[in-house]
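Step one of this worksheet: look at the structure below.
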Amino acid sequence: MKKINIYISLLLAVVSFSACDNYLDVKPKDRLIPTTTDDFRALLTSAYDGVPDDKERIAFRTDELKLDNNAWDLTQVQDIYLWNDVNQSSNTLGFSWQQYYKVIMYANHIIDAGADATEGSSEEIDQIVGEAYLLRALMHFNLVNLYGLPYNSATANTGKGVPLSLKIDTEAEYFASSTGEVYTQIASDITDGIAKLNIETYETGLNYRFSMLAALAFQSRVYLYMKDFENARKTALEVVKLKADLQDLVADNSLSAHKYNSVESILALEEVFSSEVGGSSFVSDKLLGMYDQDNDLRFSLYFNDEGNGEFSIDKGTDTASKCSFRTSEMYLTIAECAAQTDDLDQARTYLNQLKAKRLLADFYNTEVTRIAGLNKAELIAEIANERFREFAFEGHRWFDLRRTTQEPIDHAYKTESATLNQGDPRYTLRYPDEAINNNPNLSN
C-alpha cells in the first residue's frame, strides 16, 4: 500500500530547516543533518514555522461571519461557507492534512534523535525534546478536532479519529485511530513534554515556543474538551497562579489581547486570521448582537463600521496577531468548569474578573448584578457567549460548537442557502481526497 510518507515530505536523512530568534523574522539556512543542539533547535523552529493556518479558514463554517454578496469572486470559500463538502468546486480552498503530518514528522525526528545532540547542555536538549512532544500533541489535537468526531467518553474508543504518527517508519501502515486513542496519546505527549521542560515562560518574541506555562494551558484545554472539568479547572488555576495578567482595555484600549506582545500571551504560535476572511466577509449579525457596542471595549478593536449596518473584521490583520493560548482562556475555562461542577460563585468570580478588563465601569456593574441572578444553565450559556465575544475569529468558535451544543447554523449567499443542523455530521470534516488516495486504509 502507499504509505503515509508518500503524502508527507520525506526528510529522514537530509532536512531543510530555518533558525531564528523571533518568529517575525524566520530565515532559511542551509540543508544539513541535525547533530548539535543548535541544529535540533533550528529544526524545531522550522517545525513551528510550518504549523498550518486552518483555524483562520474554519471561521467560514461558523456563525461568526457572513459572505459579502458584492465581493467579486468567492468560489474559493463558497462551498466551505455552505458546508458543501462533497463535489466541491475545483477552486475551493482545502484544509491541511499533509502539512500537519509533516510538522509531526519533524517532531518525531527530534524526539527520536534529540537526546543524542552534541554541543549543548542536558537542560537545553531536554527543553527542545520536551517542546517537540508538545508540538506533536498540538498537531494531533488540531487534526482530531478537524477530522475526528468530538470527544465523548461513551463512544471515544469507537468514534472516528485520525491516524497517529509517533515514529518515522517508511514501512508502517497507518490506520485511523479512535478519538479516544488520539486523546490518550495527546495526554501522554503532554505529560512527557512537561517532564522535560525547564523554561517556565519565554520572553516576548520567543513566545511561539512551548514553555511550561504553555504546556499547562494546553493540558487544561485538552481536559476541557474531554469534559474532565475538575482537572481542566485545576490545571487552569495552576496557570493563573503563574501568570494572572489580563490585558486591561479599560486602562488602555490600544492593544488587543490576542497579539503576541499582549500581557496575556502564553503561546503566540498560530495564525488566526487571513486576508481571505477579511476580504470576503462581514461580521455576522449574531456575533454583532453579542456585544454592547457602546460599552464593550473589544468592539472597536475587533471590527470596523463599513456603513449600512455592516462591519468588517479588524482583528488579526497584522503580523503581531499570532495566538494559541492566552490567560483569558484560562479564566473562562475556570469559570466554565466551576459552573459545570456547581461552584457557581467561583464561576461568576472568574467571569467577572475578565469582564472588568473589557467593559466600561457603569456597564460592568450592571453585568455583575445580572450575572449574580443567573442559574447554572444560564451561567454556562453566558460563559459560552463570553467565549464567543472574547475569542472572535481566533479559531475557538468551531471547536467550541463541536464540543458543546453543535447548534444549528443558517448561511445564505446570494441565491443559495444551507443549514447546518444540530448534531450535523458536517461538524466533522471529511478526510481529504488526497489522503484517501494515498492511504486506502482511510475512508469517509
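Scanning segment 188-225 for residues that are small (Gly, Ala, Ser), open to solvent by 10 Å² or more (accessible area, probe 1.4 Å) and under 15 Å from Ile266 (Cβ atoms) turns up nothing. Thr179: under 19 Å from the mean Cα position of the chain (by Cα) and open to solvent by 50 Å² or more (accessible area, probe 1.4 Å), yes or no? The answer is no for Thr179.
Taking the criterion of being in a helix (DSSP H, G or I), within 24 Å of Asp73 (Cα to Cα) and at pLDDT below 95, the residues of segment 272-303 that qualify are Ser275, Glu276, Val277, Gly278. Looking at this structure, is Leu269 in contact with a strand residue (DSSP E or B) (Cβ under 9 Å, 6 or more places away or on another chain), assigned to a helix (DSSP H, G or I) and within 30 Å of Ala214 (Cβ to Cβ)? Taking the combined requirement at face value, the residue does not satisfy it.
Can you confirm whether segment 43-62 contains a residue that is of a type in the set (A, V, I, L, M, F, W, C), without any contact (Cβ under 8 Å) to a residue 24 or more places away in the chain and farther than 20 Å from Leu267 by Cβ? Checked against the condition, which is being of a type in the set (A, V, I, L, M, F, W, C), without any contact (Cβ under 8 Å) to a residue 24 or more places away in the chain and farther than 20 Å from Leu267 by Cβ, segment 43-62 yields no hits at all. Looking across segment 304-322 at every residue that is assigned to a loop (DSSP other than H, G, I, E, B) and touching a helix residue (DSSP H, G or I) at 6+ places or on another chain (Cβ under 8 Å), the one that is farthest from Phe391 (Cα to Cα) is identified as Thr317. Of all residue pairs spaced 6 or more apart or on separate chains, those with beta-carbon atoms under 7 Å, a first member in segment 418-430 that is without any contact (Cβ under 8 Å) to a residue 24 or more places away in the chain and a second member that is in a loop (DSSP other than H, G, I, E, B) and open to solvent by 70 Å² or more (accessible area, probe 1.4 Å) are Thr419/Pro408; Asn421/Pro408; Gln422/Pro408. For Asp305, the conditions (1) within 21 Å of Leu246 (Cβ to Cβ); (2) surrounded by fewer than 20 Cβ atoms within 10 Å (Cβ to Cβ) are fulfilled apart from (1). The set of residues in segment 30-47 that are under 19 Å from Ser211 (Cα atoms), among the hydroxyl-bearing types (Ser, Thr, Tyr) and open to solvent by 10 Å² or more (accessible area, probe 1.4 Å) contains only Ser46. Can you report the number of residues in segment 411-444 which are open to solvent by less than 20 Å² (accessible area, probe 1.4 Å), among the hydrophobic types (A, V, I, L, M, F, W, C) and farther than 26 Å from Phe282 by Cα? Of the residues in that region, 2 qualify. Across segment 131-176, the number of residues qualifying as of a type in the set (A, V, I, L, M), open to solvent by less than 10 Å² (accessible area, probe 1.4 Å) and either without any contact (Cβ under 8 Å) to a residue 24 or more places away in the chain or not in a loop (DSSP other than H, G, I, E, B) (or both) comes to 10. Restricting attention to segment 62-119, the residues that are open to solvent by 60 Å² or more (accessible area, probe 1.4 Å) and of a type in the set (Val, Ile, Thr) add up to 2. Filtering Tyr291, Tyr223 for residues that are more than 28 Å from Val144 (Cβ to Cβ), of a type in the set (Phe, Trp, Tyr) and touching a residue at least 12 places away in the same chain (Cβ under 8 Å) leaves a single hit, Tyr291. Counting only residues that are part of a loop (DSSP other than H, G, I, E, B), open to solvent by 20 Å² or more (accessible area, probe 1.4 Å) and in contact with a Leu (Cβ under 9 Å, 6 or more places away or on another chain), which one in segment 367-410 is farthest from Glu264 (Cα to Cα)? Here the residue is Pro408.
The values are calculated or read from the model by the stated rules, or taken from the named source; none is laboratory data. All of these numbers come straight from a predicted model, not from anything done at the bench. Every residue, glycine as well, gets a Cβ built from its backbone with ideal geometry; the counts of neighbours run over all protein chains shown. Quick note on the areas: whole protein, heavy atoms, side chains included, nothing else; ligands and nucleic acids left out. Shrake-Rupley method; radii C 1.70, N 1.55, O 1.52, S 1.80 Å.
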